[in-house]
Every structure is written in structure tokens, then in C-alpha cells.
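Undergrad: Handing you this structure, nothing more for now.
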Amino acid sequence: MLDKLLAAVRTASALRSPAALAPTVPGARVMPPTFPSKEKGRPNEYLKETRVTANGEKTDAVVLDTLTSSANRVEEALLDAIEEGELSIADLRIRVGEFGEVSTLQLPHRVFDAYLLEGLLDGKPFPKTELGRSLSESTTRDATAIFLHSPTSLLFGAWDSHGD
């Protein structure tokens, strides 16, 4: 099994590992997330996806974990590893009053978050600094500044909602 996994890591673009899932506490209920109904006045609904079974039949499946929820946990794990000195990776941080330092891994818009845009770097408004300008001038063709200063912003996405 390990040989197959090692070979796949070298050549595959994806891995699939079917598993039978069970609650962490035997006999406990599984509580899938719910989302607002599209119809006004209806109760919240489970998120469902159509899946194809091994024999080719289509079936609805309730989604237990969303991509964004999973990404949030990965961001937390990366931040923990950075703070514990287990991982060295570029990470922009800003001091936010009583909250202390906040990492781009914790900011919703990451390198383009309002906390950074309204912050100061060496006494200058962040957007007016060389670093601030290089980040805001990044494009899909050249995101070098983001890669150098906050590569996780490229991995998890960043939203410049204040850009031109």
C-alpha cells in the first residue's frame, strides 16, 4: 500500500481513498452543516451533491465538510506550525490593538484585507509603502510579490475588494 501511495504522489494529480465514516463517539449523531433555504420561510437545508456510485448509478449525498471549512482548518494548522517554529514560510502580520498580532492566514482577504490597507508600516500608510504597492500591483501574470510575502494568499485565495 505504501509503495502505491509513494508512486501516486510522484505521478498522480489526485488521490481517491474511499472510506466508511463513523462518528468519533460510538453511537453519537453526525451533524452535517445546514445552509439557508433558497425558498423564503423554509427551514435550513443540508448541502447535497450528486455522486456516482461504483456501479455507475447517481445518488444524492449529504456533504459533511465543505472545501472552505477544510481550508480554514489547514490555515489554522499552518499558523500553529509557523508559531511553534516547525515551519518557516513568509507570513505578513499586523498588530491590531488588544488582539495582538494577526496573520494573513487569519484575515478574510489575506494580503488585501482592510486591516493591512488601513495599517501603517514604518509610520507610512501600508498601501503607500514599497511592499503595499508591489502587492496591489500583482496580477495573474505576475504574482511574485504575493508569492514572496504571503504564498498562502495564492494557495487559499485573496480578494482585493478595494482595488481599482
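Computed from the coordinates by the stated procedures, all read-outs in this text should not be read as laboratory data. Source: prediction; values computed, not measured. Methodologically, a virtual Cβ is constructed for each residue, glycine included, from the backbone with ideal geometry; neighbour enumeration extends over all protein chains shown.
Undergrad: What is the helix-to-structure angle for 67-83, meaning the angle in degrees between its Cα long axis and the longest Cα principal axis of the chain, kept from 0 to 90 and rounded to the nearest 10?
TA: The angle comes out near 50 degrees.
Undergrad: Using a Gaussian network model of the chain whose springs link C-alpha atoms within less than 10 Å, name the residue from 70, 37, 17 with the highest mean-square fluctuation.
TA: Of 70, 37, 17, the Gaussian network model singles out 17 as fluctuating most.
Undergrad: Next question. I'd like the FRET efficiency for residue 22 and residue 80, computed as 1/(1 + (r/R0)^6) with the beta carbon distance as r and R0 of 25 Å, rounded to 0.05.
TA: The formula returns an efficiency of 0.40 here.
Undergrad: Take the chain, compute every pairwise Cα distance, and split them into 10 Å bins from 0; I just need the percent in each bin.
TA: Spelled out bin by bin, the chain gives 8, 24, 27, 23, 15, 3, 0 percent.
Undergrad: Related question: Given the options 118, 137, 98, state which has the largest fluctuation in a GNM of the chain using a 10 Å cut-off (strictly under) for Cα springs.
TA: In the Gaussian network model the winner is 98.
Undergrad: I've got another one for you. Convert each backbone phi in segment 37-49 into a coupling constant with the Karplus relation 6.51 cos²θ - 1.76 cosθ + 1.60 (shift: θ = phi - 60°), then list the ³J(HN,Hα) values in order as whole Hz, x for Gly and Pro.
TA: Result, rounded to whole Hz: 5, 6, 9, 4, x, 8, x, 4, 10, 6, 7, 10, 10.
Undergrad: Moving on to the next point. Evaluate the charge dipole of segment 17-67 about its Cα centre and quote only its size in Debye, nearest 20, assuming +1 on the Cβ of each Lys and Arg and -1 on the Cβ of each Asp and Glu.
TA: Roughly 160 debye for segment 17-67.
Undergrad: Once each part is reduced to its C-alpha centroid, what is the distance from segment 85-164 to segment 1-45 in angstrom?
TA: 31 Å
Undergrad: Would you mind classifying segment 70-151 by shape? Square roots of the alpha carbon gyration tensor eigenvalues, ordered a ≥ b ≥ c; an a/c under 1.5 is rounded, otherwise it is prolate if a/b is larger than b/c and oblate if not.
TA: Note, shape of segment 70-151 comes out oblate.
Undergrad: How far is it, in nm, from the label point at residue 128 to the one at residue 141 when both lie 7 Å from their Cα along the line to the Cβ?
TA: Here the answer is 3.0 nm between the modelled labels.
Undergrad: While we're looking at this one, here's another question. GluC sites (Glu not before Pro) within segment 25-69: which are DSSP loop residues with at most 15 other Cβ atoms inside 10 Å?
TA: Here the sparse-neighbourhood loop sites are 39, 57.
Undergrad: Can you compute the charge dipole magnitude of segment 7-146 about its Cα centre, using +1 on each Lys and Arg Cβ and -1 on each Asp and Glu Cβ, nothing else charged? Give it in debye, rounded to the nearest 20.
TA: Dipole magnitude for segment 7-146 comes out near 680 debye.
Undergrad: Could you compute the longest span of the chain free of trypsin sites (Lys or Arg not before Pro) located in DSSP loops and having at most 13 other Cβ atoms within 10 Å, not counting the site residues? If you can, show how the numbers build up before the last one.
TA: Values: sites that count: 16, 29, 38, 40, 141.
Looking at the chain, 41-140 is the longest stretch - no exposed trypsin sites (Lys or Arg not before Pro) with at most 13 other Cβ atoms within 10 Å.
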